[in-house]
Structure formats: structure tokens, C-alpha cells
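Some notes on the structure that comes next.
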Amino acid sequence: MALSLSNPARRRLRTLGFLSPWLVGFSVFFAYPLIATVYFSFMHYNQIKEPTFVGLRNWKYVFDQMPLFGPALWNTLWLVVIMVAVRVVFGLSLGLLITKIKTGAGFFRTAFYLPYLAPPVAATVAFVFLLNPGTGPVNEILDAVGISGPNWFNDPDTAKPSLVLLSLWGIGDLMVIFMASLLDVPKEQYEAADLDGAGAWAKFRYVTWPAITPIVMFAVVTGVVQTMQYYTQALVAGKVASGVNIGPGSVIQPGYPDHSTLTVPQLVYQMGFQNFNTGAACVLSLVLFAIAMAVTLLLMRKRSGLLSAED
């Protein structure tokens, strides 16, 4: 016999059945890991012996006795602010440029999108070799025109900007997203702006920008979350630039040069899987989670974020 929709209990049961895939995924992949991380942050656990309660000792260790926590947190926040802003501006600029091109738009769209498809490790290795201060073609071209090229990944002052350049090499994802949003702006609004005598900047400010603001918001929030987890590119770039051979059983010390590319996710891996200090690794993870949540909530506020009060 079919379930009667007039029965409130059965309707709730049916609704719960439809929600069950999401509830299972949320519980297994978010709620349980978060609760376990909080639990282990108050425990001494080396992944071999049973965990023992130590109170706030792990928290005090991270904030008071871990010398690399400060540089790693600074590097991570620097990348969040600079890398996300530059990627959004560059991706939007490319999207605007390609949507205005009359001939060859398909070629440029493909050329800018292809680097995004490259595996992160392979793309990082290739980019580091391109920027090699001694043998890289970029510095050779700069020398040919009389410009002394920087040391890129081998200099603490230019290592993080080099990572930003690497992120711009794979800007294809944001470019495609912004192109789709730009092409979705009603042409009638541009025609009305032309009749009113609006210039290029006025049309962007009063027609394009209000229409794509939700997409910019999406790009910023997802960029912040992804950059807070920045790990592979920074680790590989530092190791390749240092010239150290990575063989079986070798322990990778991240952050070359001079801890300038060290990020909090690298510290999490180092604490959890090299030093087997699970408690400290969980504290670092919770710090990342708290910062990401705070920044996301700040951006999603209508008056403090990117969305205007009218959206």
C-alpha cells in the first residue's frame, strides 16, 4: 500500500529518505572528521599508542613553542589575500578581453585554458625550470634585453610572488567562469547604455559589474578556501628550486627558501605524518578551519562582502 501523504509522520519519513544521501555524506565526510579533529586536539596521540588526554597542551605548543607556525600562517594569509585578488582580477580581465575579440577567440580561449588541465606537480616542475635563475629561458630573455632577472623561487623575497605567477599560468578555470557570466549579461542593457552615451567604464560599472557580482563572490570564496589548503605547488616548487634529490625514504623539509613558501597545510602534514604529532596537526587544522570560516562569513555578509544590499 502506498504511503499516505496526509500522514505527517510518513511525510517526514519520506523527506528524511530523500535527504539521507546528503545526511550520510555530511556525517561521514564533514561532521565526523571535524568532531574527531577537535577530540584529538586535546589528546597526545602518536598513531601507535592509545590517545591520552593532555588538555590545552597541544594548543599551547602550537601558539607558544612552534617557531614555524608564525611564518607558515603569515605565508598562508599572504597567499590568500594576494593570490586570490590577483587571480580574480586577471581572470576577469581575460574573460572581458576574449568576449570582445571578434577573430580567434576560440584559439585564445583554448590556449589560456589548457595549462589549467596540466597536473599540479608537472606544471609546477615545468614552471620552476622556466624561472630557473641560471638556465631558465625567462631570465635569458630578460638578460637579452638588458634586464637583470630575479632569483624567483630561490629568493625569499620573490618566492611567494613566483607562486602567484604560477597560479596565473593556470587561470583557465576562472576565465571560463567569468566568460560564461559575461556572456549572460543582457545585451539590451548595453544597448540602453549606448543610447544614454555611456562610455566603456560606465557600462562596466553600472551594467556588467552588478550582473556578475554573484560570480565574483563565488570566485573569491572558493579561491579563499582553496588557497587556505595550498600545499602541492608550494612544496614541489621549493624542493625543485632547492636542487635536493628526492629519493625513496627521503624526508621532505618544506619551505625553501628560508621558510618563505611554508604554508600551514605543509605544517599539518609534517606534524601529523612525519613527526606523528597528531594533536598538534589537529590544532593547526582547526586554526585553518576557523580562519576560512571567518573570512567566508565576512565575505558573504551583504554589506561587508561583495554582494550589495540590493542582491
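Looking only at the range 220-233, decide whether some residue is over 22 Å from L297 (Cβ atoms), open to solvent by 20 Å² or more (accessible area, probe 1.4 Å) and not in a helix (DSSP H, G or I).
Yes, the range 220-233 contains a residue that is over 22 Å from L297 (Cβ atoms), open to solvent by 20 Å² or more (accessible area, probe 1.4 Å) and not in a helix (DSSP H, G or I).
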Point to revise | Number of the condition not met by W169 [criteria: (1) among the aromatic types (F, W, Y); (2) open to solvent by 70 Å² or more (accessible area, probe 1.4 Å); (3) over 20 Å from V80 (Cα atoms)] | key: (3)
Practice item. Assess whether V81 counts as being open to solvent by 40 Å² or more (accessible area, probe 1.4 Å), of a type in the set (A, V, I, L, M, F, W, C) and closer than 30 Å to V176 by Cβ. Key: yes
Check your understanding: Condition test on F69, is it under 30 Å from V164 (Cβ atoms) and touching a residue at least 12 places away in the same chain (Cβ under 8 Å)?
Key -> yes
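Here's a check for you: in the range 37-48, which residue that is on the phi < 0 side of the Ramachandran plot and of a type outside the set (S, T, Y) is most open to solvent (accessible area, probe 1.4 Å)? Working first, answer last.
Taking the range 37-48 as the starting set, the residues that turn out to be on the phi < 0 side of the Ramachandran plot are 37-46, 48.
Still in the list and also of a type outside the set (S, T, Y): 38, 40, 42-44, 46, 48.
On the way: V38: 60, F40: 50, F42: 62, M43: 21, H44: 104, N46: 44, I48: 145 Å².
Restricting to residues being on the phi < 0 side of the Ramachandran plot and of a type outside the set (S, T, Y), the top hit is I48.
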Check your understanding: Of everything in the range 62-72 that's in a helix (DSSP H, G or I) and open to solvent by less than 60 Å² (accessible area, probe 1.4 Å), which residue is farthest from V216 (Cα to Cα)?
Key -> V62
Check your understanding: Can you find even one residue in the range 189-197 that is surrounded by 13 or more Cβ atoms within 10 Å (Cβ to Cβ) and either under 30 Å from V244 (Cβ atoms) or touching a Lys or Arg at 6+ places or on another chain (Cβ under 7 Å) (or both)?
Key -> yes
Revision key, fill the gap. Taking the range 90-139 and keeping residues touching a residue at least 60 places away in the same chain (Cβ under 8 Å), within 30 Å of V207 (Cα to Cα) and open to solvent by less than 30 Å² (accessible area, probe 1.4 Å) leaves G91, L92, L94, G95, I98
Check your understanding: Of the residues that make up the range 49-61, is at least one touching a residue at least 60 places away in the same chain (Cβ under 8 Å), part of a helix (DSSP H, G or I), touching a Leu at 6+ places or on another chain (Cβ under 7 Å) and open to solvent by less than 50 Å² (accessible area, probe 1.4 Å)?
Key -> no
Revision key, fill the gap. From the option list A159, A202, single residue qualifying as at pLDDT 90 or above, touching a helix residue (DSSP H, G or I) at 6+ places or on another chain (Cβ under 8 Å) and more than 15 Å from T261 (Cβ to Cβ) is A202
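Out of all the residues in the range 181-189, is one or more over 28 Å from L299 (Cβ atoms) and assigned to a helix (DSSP H, G or I)?
Restricting attention to the range 181-189, the residues satisfying the condition of being over 28 Å from L299 (Cβ atoms) are 187-188.
From the residues that got through so far, the ones that are assigned to a helix (DSSP H, G or I) too are 187-188.
There is at least one residue in the range 181-189 that is over 28 Å from L299 (Cβ atoms) and assigned to a helix (DSSP H, G or I).
Does the range 252-272 contain at least one residue that is exposed (fewer than 14 other Cβ atoms within 10 Å of the Cβ) and under 30 Å from R57 (Cα atoms)?
As a first pass, look at the range 252-272 and keep what is exposed (fewer than 14 other Cβ atoms within 10 Å of the Cβ): 258.
With under 30 Å from R57 (Cα atoms) added as a condition, the list becomes 258.
Within the range 252-272, one or more residues are exposed (fewer than 14 other Cβ atoms within 10 Å of the Cβ) and under 30 Å from R57 (Cα atoms).
The values are calculated or read from the model by the stated rules, or taken from the named source; none is laboratory data. All of these numbers come straight from a predicted model, not from anything done at the bench. Note that each Cβ is placed from the backbone with ideal geometry, even for glycine, and that neighbours are counted across all protein chains shown. These area figures cover heavy atoms from the full protein model, side chains too; ligands, DNA and RNA do not enter into them. Shrake-Rupley method; radii C 1.70, N 1.55, O 1.52, S 1.80 Å.
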